[in-house]
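These notes concern the structure reproduced below.
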Amino acid sequence: MSQTPASPPQDEELRAQLETLLFITDHPLSLDELRKLTKVRDAARLGALVGEIRRKLEDQQSALQVLEIAGGFQMATRPAHGELVRKLFAERMTMRLSTAAHETLAIIAYKQPLTRAEIEDIRGVEVIAALETLLEKRLIKVVGRKESVGRPLLYGTTADFMRHFGLRSLEDLPPIDEFQPAEAPAPAAAAAAPAPSGPIWPSDEPAPPAEDKAGE
């Protein structure tokens, strides 16, 4: 005896399902993933309900919000309450990168896909250690091999990279021509200036100065 197919969920039930998924997920969920999880094929309907959830949270002035980020949707706290979250998850949320790793990541973000040799040609130093760090932190990944002698690995950014920097897609990166090289400080000022450093996620304490060594 064949079973009667389950009827599609009503909007109220489906909205509750989506709200649950967006709250509990540890990574942004695309509409395609939401379709598979809810077994609802109508992506437009799912997108509209996600929009309703977002507006409801805004109207209620909730501490939570729905972000469209890294090609999907995810519920998150608002920046106004970031200090509390940082105190609770200080060690887990802090990501510190050396200047070398930051520069390497920026080159990959704007020039991807490219090989290690191409990155080193731009930076002028070896980047083996910087690549290892970025791979370990899942900010970059191997995206293929270049069709040239030796077929070297090609590197590109990951969804985690977009999530960390709050980007919906790579098109949200600031135009590279907006960046201007900083003017060189006077010798006395340069000697007194601290070494550059910069965690992607803010932390309760400043990051220690990072030495920019070749290959770091």
Q) List, please: which pairs have Cβ atoms under 9 Å, are six or more places apart or on different chains, and start with a residue in the range 16-34 that is outside the structural domain of ARG45 (by TED's automatic domain parsing) and end with one that is surrounded by 16 or more Cβ atoms within 10 Å (Cβ to Cβ)? A) none
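Please state which one of ARG54, ARG86, ARG45 is touching a strand residue (DSSP E or B) at 6+ places or on another chain (Cβ under 9 Å) and either hydroxyl-bearing (Ser, Thr, Tyr) or over 30 Å from ASP177 (Cα atoms) (or both). Give the derivation first.
Numbers: ARG86 fails: touching a strand residue (DSSP E or B) at 6+ places or on another chain (Cβ under 9 Å); ARG45 fails: touching a strand residue (DSSP E or B) at 6+ places or on another chain (Cβ under 9 Å).
Among ARG54, ARG86, ARG45, only ARG54 is touching a strand residue (DSSP E or B) at 6+ places or on another chain (Cβ under 9 Å) and either hydroxyl-bearing (Ser, Thr, Tyr) or over 30 Å from ASP177 (Cα atoms) (or both).
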Q: Could you tell me which of the residues THR104, THR77 is of a type outside the set (Gly, Ala, Ser), surrounded by 13 or more Cβ atoms within 10 Å (Cβ to Cβ) and modelled with pLDDT under 90?
A: THR77
Q. Looking at (1) more than 30 Å from LEU153 (Cβ to Cβ); (2) at pLDDT 90 or above, which is the one condition that is false for GLU91?
A. (2)
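Take ARG123 and tell me if it is modelled with pLDDT of 85 or more and under 30 Å from LYS87 (Cβ atoms). First the steps, then the outcome.
Numbers: modelled with pLDDT of 85 or more: yes; under 30 Å from LYS87 (Cβ atoms): no.
No, not satisfied.
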Q.
Just to be sure I understand, how many residues within the range 126-170 are surrounded by 16 or more Cβ atoms within 10 Å (Cβ to Cβ), part of a loop (DSSP other than H, G, I, E, B), of a type in the set (A, V, I, L, M, F, W, C) and over 16 Å from the mean Cα position of the chain (by Cα)?
A. 1
Q) Does any residue in the range 162-177 that is under 23 Å from ARG96 (Cα atoms) come within less than 6 Å, Cβ to Cβ, of a residue that is of a type in the set (A, V, I, L, M) six or more places away or on a different chain, and which pairs are these? A) MET162/ALA70; ARG163/ILE69; ARG163/ALA70; HIS164/ILE200; ARG168/ILE69
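Determine which member of the set SER62, SER98 is under 22 Å from PRO28 (Cβ atoms) and among the small types (Gly, Ala, Ser).
On the way: SER98 fails: under 22 Å from PRO28 (Cβ atoms).
Among SER62, SER98, only SER62 is under 22 Å from PRO28 (Cβ atoms) and among the small types (Gly, Ala, Ser).
Restricting to the range 38-54, give me the number of residues that are β-branched (Val, Ile, Thr) and farther than 13 Å from ASP11 by Cα. Please lay out each step first, then the result.
So the first thing to find is which residues in the range 38-54 are β-branched (Val, Ile, Thr), and the list is 38, 40, 50, 53.
Filter again for farther than 13 Å from ASP11 by Cα, leaving none.
Here the count works out to 0.
The values are calculated or read from the model by the stated rules, or taken from the named source; none is laboratory data. Note that this is a predicted model, so its numbers are computed, not measured. Reconstructed Cβ throughout: ideal geometry from the backbone, glycine too, with neighbour counts over all protein chains shown.
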